[in-house]
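Undergrad: A single structure is presented below for examination.
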Amino acid sequence: MHCTGSMAEIFPTITAKNLNKKKVAIPDDFSEKNLIVIVAFQRWHQDLVDESIETLEKENMNDNHHIIEVPVIKQFSKLRRMRLDGVMRAGIRDYDIRQRTITAYLDKQVFRSSLNIPNEDTVYWFLVDHTTKAILLRGSGVITSEQLGQIKSASSQNHR
C-alpha cells in the first residue's frame, strides 16, 4: 500500500471501450478535471476496486475528478473480447458504473512496463493531471484515508 508522487511521468494513452460500448482514449478524453485511474489485472481485484471507489465517492471526489476503473486483460480475439464484455455488462446493470469501466485488451507486460507496475498482485491507482497527462500521484492496493488526503492535496496544489 504505497503512495508516491511522480511529476515527470506521463500516463500512456490507452484506447478501449467502456461497458456501454463507447470507445474512449485514456487519459485524453478526460480533460475537464483530473482523472483517478484504478487499474486491475485479476478478477478478484474487483473488491479492491469497489472499496477504493467507495472511499473516493464518500468524499465526493467524483465531483471534481473523473474516476474510472480499467480492467487490463491480455489480448484476445474479437469474438472472445465481445463475449467477455457481454458477460461483464450482464453483471453490471448500472449505467454509470458501465460508463466508468473501461476494459483494456492489450499486451499486459508492455502496459505494466510503461507505468513501472512491478506485478499483477494488486490494483494500482494513478492521479493524472487533466491538461498535461502527468501522473501527479500513484499508489497500490485499496485507497486509504491517508492516501485520499494526499490525492486531495496533490490535486489542490496542481490547480493553484
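Undergrad: Sketch the reach of a paramagnetic label on T13 as a point 7 Å from Cα along Cα-to-Cβ, and name the residues of the stretch 126-153 whose backbone nitrogen lies under 18 Å away.
TA: Label zone hits: 128-135.
Undergrad: Once amide H atoms are placed 1.01 Å from N in the peptide plane, what residues at a sequence separation of 5 or more from S140, or on another chain, have their amide H within under 5 Å of its amide H?
TA: Amide H neighbours of S140: H2, W125.
Undergrad: Gain in length, D47 to D28, computed as 0.36 nm per residue apart minus the alpha-carbon separation, to one decimal in nm?
TA: Separation in residues times 0.36 nm, less the Cα-Cα distance, equals 4.1 nm.
The numbers here are math on the coordinates, done by the rules we state, and not lab data. All of these numbers come straight from a predicted model, not from anything done at the bench. Here the Cβ is made from the backbone with ideal geometry for all residues, glycine too, and neighbour counts use every protein chain on show.
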